[in-house]
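Let me begin by presenting the structure, written as structure tokens, before commenting on it.
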Amino acid sequence: MGLFDTIILEKKYHCSTCGRGIESIQVKDFYPYLNTYRVGDCISEPDDIRLVKAGLYCDSCQKFTGQHVYAAVDHGILAGTAGNMEEAKNLLGTLSIEKLLLLHRSANKKHLADVMKRNRNINYLENLCAWYGKELYKRDKSDPDRRWFLWDFEFEGIDTPLEALEAFVTREQIINALDELGENNQVILDIYYLEDIKEGEEAWSVDVYQDYINNRCGLQWTWTVINQKELDLDEEERGKRQPEWVIMGDKPFSKQMVIDTIEKWLRNRHYNFTVRLIEPEQAEGSGMYKELKKRDPGKKHAQ
Ligand SMILES: [Zn+2]
């Protein structure tokens, strides 16, 4: 056990026992940051040229398959992955200086984005300590110390630090999963929901599933799209600040509205995925839906 990095393989390999696809390897050969690397990523120092041998593990059989793959590192850049050493050797020395410079530049850009993210996270934690530690939420809204936080609006209506942290962690995980989908050049995002709602319904709410995000973040579902009328019916939720993945849809219900609402949510966070609504039966299944299917394979809806 311990720290390792994940390398996403260029092509899928298959477990020789069960046939399940294997898409990544885990290595400890670099300074392990628990990072995920793809071909073209900067993985080590510019003077590092080597092949890294790694075993293929099957998640399904939960054991080593006996097969190995090789990752080629050229001047610190992950140049490619191959099924045998000869093929991997051929991947070395193929990067031009221009290409290397471009890759190192993009690595630096990523580094700066990570620094920004880290600073934002520290800032968030400082705010959290102040808001709950100094019990600012108990003070009058006109109190200058509290007013400063109102501009930030991060914890207003959230009752406990734990609740705030959970909301924060889930948000970060969803964003990371979306970044990964973007890095994998995913264009279409399949979503589905289980509720049976008539078009034109006035008060409604759907729990929207996106299998990749659910699996990646260990979520029961990804988004809740709800309209004000439905929210107002819930005494406890009235006037409470909703987490970021609860999205308001203010029209009567329609399938297109669900698609548009989620696309808009994504656009506002600079993601350009095309959202496609599929039937639950077409989906691999994740989160709560997977649980429900396990319990009662014939049952379609959550209610
Ligand atoms: Zn297997």
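Some points to look at:
- Neighbourhood charge, 10 Å Cβ-Cβ cut-off, centred on GLN220 and excluding it, Lys, Arg +1 and Asp, Glu -1: -1
- The long axis of helix 97-133 is offset from the longest Cα principal axis of the chain by roughly 30 degrees.
- Accessible area per residue in Å² at 1.4 Å probe, computed on the range 223-303: 63 Å²
- Checking the Cα-Cα distances for LYS229/LYS251; LYS138/LYS229; LYS28/LYS117; LYS12/LYS63 against a 19 Å cut-off, the pairs over it are LYS138/LYS229; LYS28/LYS117.
- Whole-percent carbon and sulfur share, accessible surface of the chain, 1.4 Å: 51 percent
- Normalised by the number of residues in the range 1-91, the mean separation of alpha-carbon contacts (under 8 Å, six or more apart) gives a relative contact order of 26 percent.
- Prolate/oblate/rounded label for the range 196-252 (Cα gyration tensor, a/c 1.5): oblate
- For LEU194, the residues whose amide H sits under 5 Å from its own are ASP207, ignoring neighbours fewer than 5 places away on the same chain, with H placed 1.01 Å from N.
- For HIS14, distant residues with modelled amide H under 5 Å away: ILE22
- From most to least packed by mean Cβ count within 10 Å, the peptides 119-128, 73-82 give 73-82, 119-128.
- Partners for LYS290 among aspartates and glutamates (Cα-Cα distance below 13 Å; same-chain residues under 8 apart left out): ASP211, GLU281
- Prolate/oblate/rounded call for the chain, Cα gyration tensor, a/c under 1.5 rounded: oblate
- Karplus (6.51, -1.76, 1.60) ³J(HN,Hα), θ = phi - 60°, over the range 16-29, in Hz, Gly and Pro reported as x: 6, 8, 10, x, 5, x, 10, 10, 8, 10, 10, 10, 10, 7
- Classified by the C-alpha gyration tensor, the range 188-295 has a rounded form. Its axis ratio a/c, with a ≥ b ≥ c, is below 1.5.
- GNM top mover of ASP41, ASP59, ASP207 - the chain, alpha-carbon springs below 10 Å: ASP59
The values are calculated or read from the model by the stated rules, or taken from the named source; none is laboratory data. Just so it is clear, the model here is predicted, and its values are computed rather than measured. When we count neighbours, we look across all protein chains shown, and the Cβ atoms used for this are built from the backbone with ideal geometry, even at glycine. Just the protein is used for accessible areas: all its heavy atoms, side chains included, with ligands, DNA and RNA removed. Shrake-Rupley method; radii C 1.70, N 1.55, O 1.52, S 1.80 Å.
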